[in-house]
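Working notes, beginning with the structure itself.
Just so it is clear, none of the values below were taken in a lab; they were calculated from the coordinates. A quick note: this is a predicted structure, and the numbers were derived from the prediction, not measured. For neighbour counting, all protein chains shown are included, and Cβ atoms are generated from backbone atoms with ideal geometry for every residue, glycine included.
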Amino acid sequence: MRTGGPFADTRAGAEGGPAGSLHAGIGLRHPHYAELLQRRPDLGFIEVHSENFFADGGAALAVLREAREFYDLSLHGVGLALGSAAGLDPWHLDRLERLVQRCSPNRVSDHAAFARAPLGDRSAVHANDLLPVAFTRASLDLLCANVSQVQDRLRRNILVENLSAYLSFPGEMDEPAFFAELCRRTGCGMLLDVNNLMVNALNAGASDPVRDCFAFVDALPREIVGEIHLAGYADAGDIVIDDHGSRVRPDVWRVYAHAVKCFGAVPTLIEWDTDVPALDVLLAEAARASTLMQAELMKTVLESPLP
């Protein structure tokens with residue numbers, strides 16, 4: 001079990017990359033493969049969904065390998081189902097290990113979610129969704145065991161992301177305390193999805209969603225956050241959906257600025273997975289994140305007392 005030095009190797013530039021922590025990254029999506037490789041815009045890093053590159057060959061893997069020559073890389077998974085009592089899928093872990101060996105990413109991440117469960121005589125079935133875990137000691141034990149298994153197999157610490165959840169279970173601790181204990185026990189880090197904080201606060205009917213998100217950020221240990229995600233959400237009236245299909249909302253930018261004050265220069269990603277726009281739109285959002293990060297860091301320096 002990897003428990004030491006929470007995840008010093010997950011921060012931007014930790015494996016010889018550029019000073020990417022002051023420049024946000026974007027998700028590399030199929031419509032932008034050729035243009036990104038041709039233009040090579042100034043980015044802190046690129047991120048891909050791990051499962052899209054599990055095949056042993058093919059054009060997609062060739063693109064990823066070429067892009068890796070120019071950019072720091074974050075592998076972000078959606079299928080490990082780290083909170084599942086049924087355990088991990090051996091095939092999935094095999095393929096992830098192989099991808100990590102091929103690409104030597106700067107960071108590897110997945111979600112605090114369950115998706116695997118036994119069904120009849122079958123060993124396990126996999127739900128096509130990221131289902132929330134209960135914030136209980138029993139759930140924490142399961143998550144810690146599965147995270148440790150992944151980290152031992154990959155021989156590196158990973159990041160675990162907080163969910164946007166549309167149902168919840170009775171718990172024994174709040175979510176920040178749950179993540180703090182997960183990171184303490186396993187040495188993993190946290191991928192803080194700021195948009196998910198806002199979606200959950202809005203769906204909970206919070207009177208001041210920004211204040212609730214600030215409180216969540218303030219409750220996290222400063223050292224556990226190894227990456228931040230920003231995205232847009234869809235307001236359907238009676239529910240808010242984390243659809244990653246639009247620009248980052250103003251209140252999410254406010255929470256992000258607060259997170260930068262708390263955690264410093266953390267690698268930050270613009271997520272856009274549905275209704276994918278032109279590459280320049282993504283680059284503009286990433287540039288805004290970079291500018292905001294740099295401005296908040298400068299304010300912190302200027303407001304710090306002289307020695």
Point to revise | Residues His23, His49 arranged by fewest to most Cβ contacts within 10 Å | key: His49, His23
Review point. Magnitude of the Cβ-charge dipole of the chain, K/R +1 and D/E -1, about the Cα centre, nearest 20 debye?
Key: 780 debye
Exercise for review: List the residues whose amide H sits under 5 Å from the amide H of Glu47, counting only those 5 or more places along or on another chain, with H placed 1.01 Å from N in the peptide plane.
Suggested key: Ile26, Gly27, Leu28, Ser74
**Study point:** Highest-first arrangement of 210-222, 137-149, where packing means the average Cβ count within 10 Å
**Key:** 137-149, 210-222
Study note, to complete from the structure: Other residues with Cβ under 12 Å from the Cβ of Leu37 give, with Lys and Arg +1 and Asp and Glu -1, a net charge of +1
Practice item. For Asp251 and Asp94, compute 0.36 nm times the residue count separating them, minus their Cα-Cα distance, and round to one decimal in nm. Key: 52.5 nm
Revision key, fill the gap. What one gets for the chain as the Kirkwood radius, inverse of mean 1/r over different Cα pairs in Å, is 19.7 Å
Check your understanding: Where in the range 52-94 does the amide nitrogen come within less than 14 Å of the point 7 Å from the Cα of Ala117, taken along Cα to Cβ?
Key -> 83-87
Review point. If you take the charge dipole of the chain about its Cα centre, with +1 on Lys and Arg Cβ and -1 on Asp and Glu Cβ, which of His229, Phe169, Ala204 is farthest toward its positive end?
Key: His229
Check your understanding: For a paramagnetic label modelled at 7 Å from the Cα of Glu223 toward its Cβ, which residues of the range 242-271 fall within the zone defined by backbone nitrogen distances under 20 Å?
Key -> 260-267
Study note, to complete from the structure: Counting only residues 5 or more apart in sequence or on a different chain, those whose built amide H sits under 5 Å from that of Thr268 are Gly25, Ile228
Check your understanding: Quick one: Karplus J couplings for the range 219-236, per residue in order, coefficients 6.51, -1.76, 1.60, θ = phi - 60°, nearest Hz, x for Gly and Pro?
Key -> 7, 7, x, 4, 7, 8, 7, x, 6, 10, 10, 10, 7, x, 10, 10, 9, 9
Practice item. Excluding Thr274 itself, calculate the net charge of residues whose Cβ lies under 12 Å from the Cβ of Thr274, where each Lys or Arg counts +1 and each Asp or Glu counts -1. Key: -4
Point to revise | In sequence order, calculated HN-Hα J values of the range 184-194 (Karplus, 6.51, -1.76, 1.60; Hz; x Gly/Pro) | key: 5, 6, 10, x, 6, x, 10, 9, 8, 8, 5
Review point. Using θ = phi - 60° and the Karplus form 6.51 cos²θ - 1.76 cosθ + 1.60, what ³J(HN,Hα) does each residue of the range 253-270 get, whole Hz, x for Gly and Pro?
Key: 4, 4, 5, 4, 4, 5, 4, 4, 4, 7, 10, x, 7, 9, x, 10, 10, 8
Check your understanding: If we count every other residue with Cβ under 14 angstrom of Leu143's Cβ, Lys/Arg +1 and Asp/Glu -1, where does the sum land?
Key -> -2
**Study point:** For Leu131, distant residues with modelled amide H under 5 Å away
**Key:** Phe114
